[in-house]
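The values are calculated or read from the model by the stated rules, or taken from the named source; none is laboratory data. None of the values given here were measured: they were computed from a predicted structure. Every residue, glycine among them, receives a Cβ derived from its backbone with ideal geometry; neighbour counts consider all protein chains shown. The protein model used for the area step is the full one, side chains on, heavy atoms only, and it has no ligands, DNA or RNA in it. Shrake-Rupley method; radii C 1.70, N 1.55, O 1.52, S 1.80 Å.
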Amino acid sequence: MAPRRALLSVSDKTGIVMFGRALARQGWEVLSTGGTARVLADAGVAVTEVAFVTGHPEMMDGRVKTLHPAIHAGLLARREHPDDMAELERQGYGPIDLVAVNLYPFRETIAAPDVTPALAMEKVDIGGPTLIRAAAKNHRDVWVVVDPDDYGAVLEAVSSAESARGKGGTAALRRRLAARVFREISAYDQAIAAYLEGLAEGDGVRTETGDDMPERVTLELERRDLLRYGENPGQDAAFYAAATRGHGIAELEQLHGKSLSYNNLLDLDGALLSVAPFAFSVDPAVCIVKHTTPCGLAVRPVLEAAFERARATDPVSAFGSVIAMNRPVDLETARAIGGMFVECVVAPGFTDQALGVLCAKKNIRLLRFTGSADTHPAEPVGDRGWSALDESVRAAARFLAGAAGHAGARSFRSVYGGVLFQSLPDPPFYGIGSAGWKVVGARQPTEAEQQDLSFAWAAVAGVKSNAILLARGRATVGIGAGQMSRVDSSRLAVQKAREVGLGSELEGCALASDAFFPFRDGVDAAAEAGVRAIVQPGGSIRDPEVIEAADEHGIAMVFTGRRLFRH
């Protein structure tokens with residue numbers, strides 16, 4: 001009986017020597033090409049060059065090597081069809097029973113900033129997709145492996161007696177591996193199409209216009225969790241994330257508590273967005289989120305103080321909230337959190353004492369940020385600078401800033417009958433300055449007001465539109481979110497501040513608005529409450545009227561030139 005034959009030809013050499021050596025020990029004949037053959041041979045694995053099987057040398061710098069009937073007939077011959085096997089024998093070909101191939105690194109190549117279209121096209125694989133597609137089509141008879149992580153499972157399966165005809169449990173494994181092939185090819189082709197669509201007509205230069213939005217989008221998502229239900233009982237739900245891991249909720253590490261719910265995930269999204277502007281703050285920042293929008297946010301030199309001041313903004317809404325921090329949770333802060341009902345806490349880490357306190361609460365979910373080492377702030381942070389921050393804090397900062405630092409990042413949002421697709425905005429990072437801001441009124445803000453304006457502008461980014469946020473001393477005083485009228489949001493922010501006993505902090509506070517004031521009534525309401533400085537995008541046809549109102553009330557007004565809608 002002829003030995004089983006495996007064709008190994010991989011760009012990613014991870015584990016290939018182990019895999020080839022194990023197959024050879026089981027009596028397989030190992031076929032290979034180019035660099036893979038050299039790696040195997042150098043490791044002492046007996047290898048048969050594909051050129052020996054085809055009777056034809058590799059051509060055109062390896063562009064043509066496996067595209068030959070001796071290879072594809074061996075892959076596509078159906079073992080239970082006598083005519084297929086007889087034809088194979090007449091031509092002097094033999095069956096190939098396993099293919100391990102991963103494709104040229106096209107996506108990794110085009111990620112480089114200086115890649116040329118010519119180089120990109122050289123990384124478009126032809127033979128690889130053809131091989132794995134043929135093997136996947138005939139997966140009842142041919143094993144196909146595109147992920148080194150599957151080598152172990154395949155080795156175990158091919159060593160069993162039942163694997164010879166795909167019987168028993170191996171049939172399911174073969175189907176799973178074949179499905180992975182077609183997913184990989186689809187994503188690979190989509191990446192190529194998107195790259196070509198992103199080139200300017202005829203000159204091979206990437207466009208900087210709306211053409212960055214491809215004509216077609218294919219999402220490759222993995223199901224990470226089945227959820228008990230959706231927003232409400234009776235609704236089925238699951239959590240899916242990008243198949244290629246990067247930034248986001250899927251990368252949080254859960255340390256304690258029951259599984260995350262659909263609404264937990266939505267609130268975590270809001271918490272990450274709301275604390276992101278404070279990623280590089282030298283001092284601790286705490287954001288408390290309820291129903292995806294902040295109900296309190298504060299920056300203080302001590303974490304526990306930041307938490308207590310953030311909670312003071314709206315202690316009623318803080319019940320059942322998600323809390324996000326830019327510092328590891330310490331014992332004192334854990335004790336303060338332990339006195340209330342909280343759904344989730346997300347932070348760079350937790351001290352052992354803090355875990356001891358919080359893990360006593362069975363239902364609280366504790367999550368830790370992870371971070372990437374290649375994202376840094378635009379400039380030094382505060383007096384001590386980036387180098388003074390603890391590594392766990394840096395990891396959290398890199399995690400939170402990841403979307404802004406990742407070129408080409410996009411967000412998707414479902415609507416009735418379709419999906420909206422947009423680029424992710426850069427958060428208005430707190431502490432990195434106010435480039436482009438313009439004082440438009442008669443009065444210049446004081447130094448203290450400038451600090452409050454910077455804090456308020458960073459904090460309002462996470463609030464649902466129409467958004468008005470009042471701040472003083474690097475803490476929220478009142479928040480008005482999601483109202484149909486901007487003046488109603490202003491009144492709501494003032495009302496909530498007074499309800500929780502922060503009315504005295506309204507006098508001299510700063511106000512941030514996520515969009516321009518369409519009428520002067522919002523400024524009049526702010527002045528009546530005690531606001532002394534306003535930061536807003538500007539851009540209304542009634543800007544002169546709004547500025548005049550600010551001057552009448554002695555309010556310093558700053559335009560940022562940037563809108564922060566969050567619908």
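Here are the numbers:
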read-out: Dipole magnitude of segment 56-178, debye to nearest 20 (Cβ charges: Lys/Arg +1, Asp/Glu -1, about Cα centre); value: 380
read-out: Size of electric dipole in the chain: Cβ of Lys, Arg +1 and of Asp, Glu -1, about Cα centre, debye, nearest 20; value: 1500
read-out: Low-density loop positions, trypsin sites (Lys or Arg not before Pro), segment 245-293 - DSSP coil, at most 11 other Cβ in 10 Å; value: R245
read-out: Net length gained if the chain between V115 and D147 were fully extended (0.36 nm per residue, minus Cα distance); value: 8.9 nm
read-out: 17 Å tail of the calculated P(r), segment 513-567, as % of Cα pairs; value: 28
read-out: Candidates per GluC sites (Glu not before Pro) in segment 461-552, loop by DSSP, up to 11 other Cβ within 10 Å; value: E507
read-out: Kirkwood Rh and Cα Rg combined as Rg over Rh, evaluated for segment 476-567; value: 0.94
read-out: CD proxy at 222 nm, helix term only [per DSSP H run n ≥ 4: -39500 (n - 2.57); per residue of the chain; nearest 500]; value: -10500 deg cm²/dmol
read-out: Carbon/sulfur fraction of accessible area - segment 1-81, other protein chains in place, 1.4 Å, %; value: 56
read-out: Euclidean distance of C-alpha centroids, segment 54-95 and segment 260-274, integer Å; value: 53
read-out: Reciprocal of mean inverse Cα separation for segment 46-188 (Kirkwood radius, Å); value: 16.5
read-out: Inter-label distance, nm, simple model (7 Å from Cα along the C-beta direction), R63/E215; value: 2.5
read-out: For segment 213-300, convex hull of alpha carbons as volume per residue, Å³; value: 156
read-out: Fully extended contour minus Cα-Cα distance, from L255 to L331, at 0.36 nm per residue; value: 25.7 nm
read-out: Reach of K362 by Cα under 27 Å, taken over lysines that are not fewer than 8 positions away in the same chain; value: K258, K290
read-out: Loop-located trypsin sites (Lys or Arg not before Pro) in segment 1-61 whose Cβ has at most 14 other Cβ within 10 Å (DSSP); value: K13
read-out: Sites L266 and M484, calculated FRET efficiency, Cβ-Cβ separation with R0 30 Å, nearest 0.05; value: 0.90
read-out: Descending principal axes extents, segment 450-503, alpha-carbon based, whole Å; value: 29, 25, 14
read-out: Length added when fully stretched, E552-L226, from 0.36 nm per residue minus Cα-Cα; value: 111.6 nm
read-out: Per residue solvent-accessible surface (Å²) - the chain, probe of 1.4 Å; value: 48
read-out: Per residue, the convex hull volume that the Cα atoms of segment 7-113 enclose (Å³); value: 123
read-out: Within the chain, longest stretch free of exposed chymotrypsin sites (Phe, Trp or Tyr not before Pro) [DSSP loop, at most 16 other beta carbons within 10 Å]; value: 1-228
read-out: Rg over Rh, two decimals, the chain (C-alpha only, Kirkwood Rh); value: 1.09
read-out: FRET efficiency estimate (nearest 0.05) - Cβ-Cβ, V302 to R410, R0 35 angstrom; value: 0.40
read-out: DSSP beta bridge pairing in the chain, given as percent antiparallel to the nearest 5; value: 55
read-out: Within straight-line cross-link reach of K65, lysines at Cα separation under 30 Å, skipping those fewer than 8 residues along the same chain; value: K13, K123, K137
read-out: Cα-based shape type of segment 266-342, given that a ≥ b ≥ c are square roots of the gyration tensor eigenvalues and the cut on a/c is 1.5; value: oblate
read-out: Estimated FRET transfer efficiency when R0 is 30 angstrom, pair R542-V316 (beta carbons, to 0.05); value: 0.25
